[in-house]
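Data block below; observations after.
The values are calculated or read from the model by the stated rules, or taken from the named source; none is laboratory data. Computed from a predicted structure; not experimentally measured. Backbone-built Cβ (ideal geometry, glycine too); neighbour counts: all protein chains shown. Areas reflect the complete protein model, heavy atoms only, side chains present, ligands, DNA and RNA absent. Shrake-Rupley method; radii C 1.70, N 1.55, O 1.52, S 1.80 Å.
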Amino acid sequence: MTEIHGGDGNLPDGTIVIVASRYNASICDALVTGAVETLRAAGLDDSTIRVVRVPGAWELPLASANAADDESVLGVVALGAVIEGETTHDQHINRAVSDALMNLGLRTGKPIGFGLLTCRSLEQAINRSGGTVGNKGEEAAGAVIEMLRLAEKVKTAAV
């Protein structure tokens, strides 16, 4: 039995696009910082990393789709923060955005890192953007890197 994983290995040449919300700016900025650091640590240089800013979480899928449809783009890291308020709007946004991003990955065959925080409070968002729970921007970028490495290994193993 052979087990293949993307924890290490080569990356194809191309660009990774980080699509990040401007809403909840301090949280999203911390997510972007984490994602960029993770991509750099994986061996990407700044010329292969693009950051695209959108107004809010609702706009993440469209900008991610525009990026993913570019042949030079290897994958997308979608980052945002929706914090529960007085109404249920957060639930509708979170479900729609997560479904759209999943479908985008399936449609394009490219990894789409899911870094949308869906928090009940500002404190939870802070803890997930570099606080006590880590940085979900790092995790989302790491997932894209791992999936790209895995795809390269699967291609090689299938030959």
Original post:
Out of segment 54-159, which trypsin sites (Lys or Arg not before Pro) are coil in DSSP terms and have no more than 16 other C-beta atoms within 10 Å?
Top reply: Arg120
Subject >> Cα-based helix-to-principal-axis angle, 89-108 vs the chain, degrees rounded to 10 >> reply: 10
Original post:
So which GluC sites (Glu not before Pro) in segment 13-76 are both in a DSSP loop and have at most 10 other Cβ atoms within 10 Å of their Cβ?
Top reply: Glu71
Original post:
What angle do you read, to the nearest 10 degrees and between 0 and 90, between the alpha-carbon axis of helix 25-41 and the longest principal axis of the chain?
Top reply: 10
Original post:
What's the center-to-center distance, using Cα atoms, between segment 2-27 and segment 36-94 in Å?
Top reply: 10
Original post:
Hey, of (i) 35; (ii) 49; (iii) 39, which did the structure itself give for percent of Cα pairs over 22 Å apart when calculated?
Top reply: (iii)
**OP:** Pop out the ³J(HN,Hα) list for segment 13-24 in order, Karplus 6.51 cos²θ - 1.76 cosθ + 1.60 with θ = phi - 60°, rounded to Hz; leave Gly and Pro as x.
**Re:** 7, x, 10, 10, 10, 9, 9, 10, 6, 8, 5, 6
Original post:
Comparing Gly115, Gly105, Gly80, which has the greatest mean-square fluctuation in the GNM of the chain with Cα pairs linked when under 10 Å apart?
Top reply: Gly105
Original post:
Rounded to a whole number, what % of the accessible area of the chain do carbon and sulfur atoms account for, probe 1.4 Å?
Top reply: 52
Original post:
Pairing the Cα long axis of helix 136-158 with the longest principal axis of the chain, what angle in degrees results, from 0 to 90 and rounded to the nearest 10?
Top reply: 20
Subject >> Placed amide H near Val54: partners under 5 Å, 5+ positions off or other chain >> reply: Ala20, Ser21, Arg22
Original post:
Can you give the helix-only mean residue ellipticity at 222 nm for the chain, where every DSSP H stretch with n ≥ 4 adds -39500 (n - 2.57) and the sum goes over all residues, rounded to the nearest 500 deg cm²/dmol?
Top reply: -15500 deg cm²/dmol
**OP:** Let me have the relative contact order for the chain, percent, based on Cα pairs under 8 Å that are six or more residues apart.
**Re:** 34
Original post:
Once amide H atoms are placed 1.01 Å from N in the peptide plane, what residues at a sequence separation of 5 or more from Gly113, or on another chain, have their amide H within under 5 Å of its amide H?
Top reply: Val76, Val77, Ala78
**OP:** Go ahead and run the numbers for FRET between Arg40 and Thr156, Cβ-Cβ distance against an R0 of 30 Å, rounding to 0.05.
**Re:** 0.75
